[in-house]
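Data block below; observations after.
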Amino acid sequence: MHRITGKQQFIGLVGWLVVTGIAAFAGSMASRRSEEVYGQLVQPSWAPPPEVFGPVWTVLYILMALAAWLVWRHGGFAHARTALSLYLVQLVVNALWSWLFFAWQMGAAALLDIALMWMLVVATVVAFWRHNRLAALLLVPYLAWISFAAMLNLRLWQMNPSVLG
């Protein structure tokens, strides 16, 4: 197994923060109108206010990047290729959700996307567990949040068929 030096670990941490940040940025580009779109939807009583989403996602993306880094730092990408590949794929699916829901207002497609994201995150947690248990545990809040978001996506789609057709 390739030993990663302290300097390389720092660069790796920055790299995982950047990669995760790119996915967050890609999703946020689709979410520029999110408050407007979200605000026009008939909402269930348990729906959070729009200002909750930004801080929650910021924390989750940081935890996600730290988790990926913890797995990566014990031998690099080659040592954890499957786990880190799953992580990268779920990041793409994550960014796509914002486009489907907010930019294109496709509630059913967004729901399918978040279901796929949920499965990919579960697989990532399992794969990360094999390499670093703390890394896997750092993804649990993300899994909990997207579980909640999936229920919210479903309910918003059901309550707003004319908007989220």
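Structure values in brief
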read-out: Segments classed as helices (runs of 4 or more DSSP H), wholly inside segment 1-114, with at least 3 members that are over 20 Å from Asn132 (Cβ atoms); value: 6-30, 34-40, 53-72, 81-98
read-out: Output for segment 45-91, where each listed residue is within 27 Å of Ser34 (Cα to Cα) and aromatic (Phe, Trp, Tyr); value: Trp46, Phe53, Trp57, Tyr61, Tyr87
read-out: Odd one out for Gly76 among (1) at negative phi; (2) buried (at least 16 other Cβ atoms within 10 Å of the Cβ); (3) at pLDDT below 95; (4) out of contact with any Phe, Trp or Tyr (no Cβ under 6 Å at 6 or more places or on another chain); value: (1)
read-out: Selection count where residues are of a type in the set (Gly, Ala, Ser), more than 12 Å from the chain's Cα centre (by Cα) and either surrounded by 20 or more Cβ atoms within 10 Å (Cβ to Cβ) or modelled with pLDDT of 95 or more (or both), scope segment 93-109; value: 3
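Quick grid of which residues meet (1) loosely packed, with under 15 Cβ neighbours inside 10 Å; (2) modelled with pLDDT of 95 or more; (3) under 30 Å from Gln8 (Cα atoms):
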residue	(1), (2), (3)
Thr58	yes, yes, yes
Leu70	no, yes, yes
Leu91	no, yes, yes
Leu111	no, yes, no
Arg130	yes, yes, yes
Pro141	yes, yes, yes
Ala150	no, yes, no
Arg155	no, yes, no
Asn160	no, yes, no
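The values are calculated or read from the model by the stated rules, or taken from the named source; none is laboratory data. Small disclaimer: the values here were computed from a predicted structure and weren't measured. Backbone-built Cβ (ideal geometry, glycine too); neighbour counts: all protein chains shown.
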